[in-house]
Amino acid sequence: MSQSAAPSIVTLRRADLTLGAGASSVHVLKGIDLDIPKGQSVGIVGPSGSGKSTLLMVVAGLERLDSGEVHVDGHALHALNEDAVAAVRGRSIGIVFQSFHLIPNMTALENVAVPLELAGRTDAFERARAELVAVGLGERLTHYPGQLSGGEQQRVAIARALAPDPVLIVADEPTGNLDGETGRQIADLLFAKQAERGATLLLVTHDPALADRCDRQVGVRSGRIAGPVEAAPGGVVA
């Protein structure tokens, strides 16, 4: 099978990371090599404690490697200082967490707009309003997280992730705190928005049905890339 001509939006080389210190230290990532082509949806699967979420946080610039390289959208995150990594994250990476991570004393509109303001966008509230309408929350702009259902809170989180128009969306168990039907609706929304914008989606999930919707699955076990690894036609197998 020939490899995809699409350039890699994410590249990891010999990615190695230990968390904690002394007797409590854990070698979480062990020399991982991985390429994610632009525009692909990739499910990261594996048992609890295998390093899936840590891998995602490294790609998002929220954890720093001890050694090795991580490149996102042409930026060498491992070689940048914290401010520069934050700037790349603000422009290029949208993040969706399992537990939503909304600010409770901000409205839905403010939760989406404030990060844009901090990134220097002069149209922050206009952009935030448009994104919330696009995820079906046009009538909930002034509601606080505590006034929203779990599904609605995750829609706000998705709007926040999409608002900078990122090239990469990373999602850590985005349906994990939701009931089955709401989870399916959120998954539908996430995949639809990814396809609509031509973004790349990197998704950690324990849900086989959700992983099966991805173009490709990458298995992680004990901090290393492992089976199952599947590629869609023309895809690149790690």
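The values are calculated or read from the model by the stated rules, or taken from the named source; none is laboratory data. All of these numbers come straight from a predicted model, not from anything done at the bench. In this analysis, Cβ positions are derived from the backbone assuming ideal geometry, glycine residues included, and neighbour counts consider all displayed protein chains. Please note that ligands, DNA and RNA were not included when accessible areas were found on the heavy atoms of the full protein model with its side chains. Shrake-Rupley method; radii C 1.70, N 1.55, O 1.52, S 1.80 Å.
Quick check on segment 65-85. Is at least one of its residues within 12 Å of the chain's Cα centre (by Cα), within 22 Å of Pro37 (Cβ to Cβ) and not hydrophobic (A, V, I, L, M, F, W, C)?
no
Output the number of residues of segment 17-73 satisfying the condition of being open to solvent by 60 Å² or more (accessible area, probe 1.4 Å), among the hydrophobic types (A, V, I, L, M, F, W, C) and not in a strand (DSSP E or B).
3
Of all the residues that make up segment 53-104, how many are of a type in the set (S, T, N, Q), in contact (Cβ under 8 Å) with a residue 12 or more places away in the chain and farther than 22 Å from Val220 by Cβ?
Here the count works out to 1.
If you take the residues of segment 184-200 that are within 14 Å of the chain's Cα centre (by Cα) and either farther than 13 Å from Ile158 by Cα or acidic (Asp, Glu) (or both), which of them is surrounded by the most Cβ atoms within 10 Å (Cβ to Cβ)?
It comes out as Thr200.
Taking the options Arg127, Arg140, Arg155, name whichever one is touching an Asp or Glu at 6+ places or on another chain (Cβ under 8 Å), of a type outside the set (A, V, I, L, M, F, W, C) and touching a residue at least 12 places away in the same chain (Cβ under 8 Å).
Arg140
State all residues of segment 139-160 that are closer than 17 Å to Phe125 by Cβ and among the aliphatic types (A, V, I, L, M); if no residue qualifies, say none.
Leu141, Val156, Ala159
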